[in-house]
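Asker: Before anything else, here's the structure in question.
The values are calculated or read from the model by the stated rules, or taken from the named source; none is laboratory data. On a predicted model such as this, the values are computed, not experimentally measured, just so you know. With ideal geometry, Cβ positions are generated from the backbone for all residues, glycine too; neighbour counts draw on all protein chains shown. SASA here: full protein model, heavy atoms, side chains in, ligands and nucleic acids out. Shrake-Rupley method; radii C 1.70, N 1.55, O 1.52, S 1.80 Å.
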Amino acid sequence: MKLAVIPARGGSKRIPRKNIKQFGGRPMISWSIEATQKTNLFDLIVVSTDDPEIAEVATTFGAEVPFLRPAGLSDDYTSTIPVVAHTVNWYLEREISIDEVCCIYATAPFIEARDIVTGFDVLLESGADFAFSVTSYAFPVQRALKLGNDGRVEMLDPSQFETRSQDLCEAYHDAGQFYWGTSTAWLSGKPIFGPHAAPVILPRYRVQDIDTIEDWKRAELMLTSLSSINSMI
């Protein structure tokens with residue numbers, strides 16, 4: 001059985017109620033639920049939340065909320081892995097077998113069903129424990145800058161000052177959209193990032209992590225631009 005888990009706690013601080021805040025005329029979480037439904041891959045699409053209002057919105061858009069997440073797994077310090085493991089264990093305790101699990105973030109409005117499907121294929125074909133979305137940095141991270149204690153500029157790695165950008169290896173970061181894994185991998189507690197994980201590379205123009213108000217505003221501009229492009233296709 002394939003399980004989708006969408007974590008969506010109620011206590012977001014920097015953008016209050018961001019999981020159900022209106023984005024593009026509908027609750028943010030609905031974008032993730034809809035993309036997950038369109039894959040036609042999953043036997044169960046579950047939203048893991050501690051918040052009754054989020055639960056109501058999630059069920060309105062067709063997800064299941066079979067439990068409210070315990071408070072101990074809903075604070076600012078709880079990571080994704082124990083939340084997903086909790087959901088998997090909830091079904092295992094009821095003798096419902098789970099094979100592959102995809103964690104899909106609730107604030108990923110540009111997620112596409114085709115990418116989730118690709119992630120599943122990568123997981124199976126690679127034999128990895130995890131497969132997750134990544135995208136490239138727009139600028140070489142080897143030439144990154146920082147501000148010193150005196151407010152002046154410093155290179156993180158001064159040895160790269162003379163290196164041409166095109167001679168540096170490309171670096172990638174987590175795209176913050178989805179994370180496929182076997183149920184065994186999720187339950188093991190091993191970190192997602194590492195040699196036991198395979199990448200699903202997404203274009204930068206469809207990736208925007210949303211943690212701050214600035215991120216949210218940028219995402220709204222991206223939505224307008226992508227909607228305009230799609231209307232011309």
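Asker: Filter the stretch 74-89 down to residues that are crowded, with 17+ Cβ neighbours inside 10 Å and either in contact with a strand residue (DSSP E or B) (Cβ under 6 Å, 6 or more places away or on another chain) or at pLDDT 95 or above (or both), then give me how many there are.
Answerer: 7
The rows are residues; the columns are (1) of a type in the set (A, V, I, L, M); (2) open to solvent by 30 Å² or more (accessible area, probe 1.4 Å); (3) within 21 Å of S30 (Cα to Cα).
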residue: E93; (1), (2), (3): no, yes, no
residue: I116; (1), (2), (3): yes, no, yes
residue: V122; (1), (2), (3): yes, yes, no
residue: E125; (1), (2), (3): no, yes, no
residue: A131; (1), (2), (3): yes, no, no
residue: D150; (1), (2), (3): no, yes, no
residue: E154; (1), (2), (3): no, yes, no
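Asker: Another question, then. Give the residue that is surrounded by the most Cβ atoms within 10 Å (Cβ to Cβ), with candidates limited to residues of the stretch 1-19 that are under 16 Å from the mean Cα position of the chain (by Cα) and assigned to a loop (DSSP other than H, G, I, E, B).
Answerer: Step by step, filter the stretch 1-19, then rank; the result is A8.
Asker: Something else about it: Take the conditions touching a Pro at 6+ places or on another chain (Cβ under 7 Å), touching a residue at least 40 places away in the same chain (Cβ under 8 Å) and under 29 Å from L226 (Cβ atoms) and apply them to A113. Does it pass?
Answerer: Answer is no for this residue.
Asker: In the stretch 183-207, which residues are in contact with a helix residue (DSSP H, G or I) (Cβ under 7 Å, 6 or more places away or on another chain) and either modelled with pLDDT under 95 or open to solvent by 90 Å² or more (accessible area, probe 1.4 Å) (or both)?
Answerer: G189
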